[in-house]
Amino acid sequence: MPKKKLNKKQEEFPEMKETQEGAEEQVLEQEPVIELSREEQLEKEVAELKDKQMRLFAEFENFKKRTAKERIDLFRNAGLEFFEAMLPILDDFDRAAKHREQVVDSEDLKKGFDLIQSKLIGILEQKGLKSMESSIGKDFDTDFHEAITQIPAPSEELKGKVIDETEKGYLLNDKVIRYAKVVVGQ
């Protein structure tokens, strides 16, 4: 052990020097070990678990807020892609309206509208929309038809069957979004 420089009191009283060095050695040998009682350990563990639980709760609340905001954004922008796909058709109708008075041949006008209609149908089919097949002569089915009226059937075999269709029905990804409006024979 290296020798320490003595202060004035230690030089005057050599016995004080020995007791002080002994005390320092005892302090170095016996580092204070703080042992927690069982209760203190449990309290510390409870505090740590409470802290962890509060952090998890806050994280979950933030998750709920974030997902709610994302859901609102999703609903708000859900039709964006559809409307972007519809804009060329709107442009076609605008061009047709500008040139309809200049067209001399009505056949050209019919062709133009047929092209716009086929383009519209193509885009709608890409988005999952399908028109229902004609249901004239088929059995009335409440899963696909809405009866707007009943009339006496012209023949016995048309009773309970669709006689006329006033509006087409449509399916979106195989789910009915508009029932076909039909006249049923009775």
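Values computed for the structure shown
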quantity	calculated
His99, His145, ranked by accessible area, largest first (probe 1.4 Å)	His99, His145
From phi via Karplus (6.51, -1.76, 1.60), per-residue ³J(HN,Hα) for the stretch 166-171 in Hz, x at Gly/Pro	8, 9, 5, x, 9, 10
Cβ-based net charge around Tyr179, under 13 Å, with every Lys or Arg adding one and every Asp or Glu removing one	-1
Total formal charge among the other residues, if their Cβ is under 12 angstrom from that of Val46, Lys/Arg +1 and Asp/Glu -1	-3
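The values are calculated or read from the model by the stated rules, or taken from the named source; none is laboratory data. Note that the coordinates shown come from a computational prediction; the quantities given were computed from them, not determined experimentally. So basically every Cβ, Gly included, is an ideal-geometry build from the backbone, and we count neighbours across all protein chains shown. To get the accessible areas, we keep the full protein, side chains included, count just its heavy atoms, and leave off ligands, DNA and RNA. Shrake-Rupley method; radii C 1.70, N 1.55, O 1.52, S 1.80 Å.
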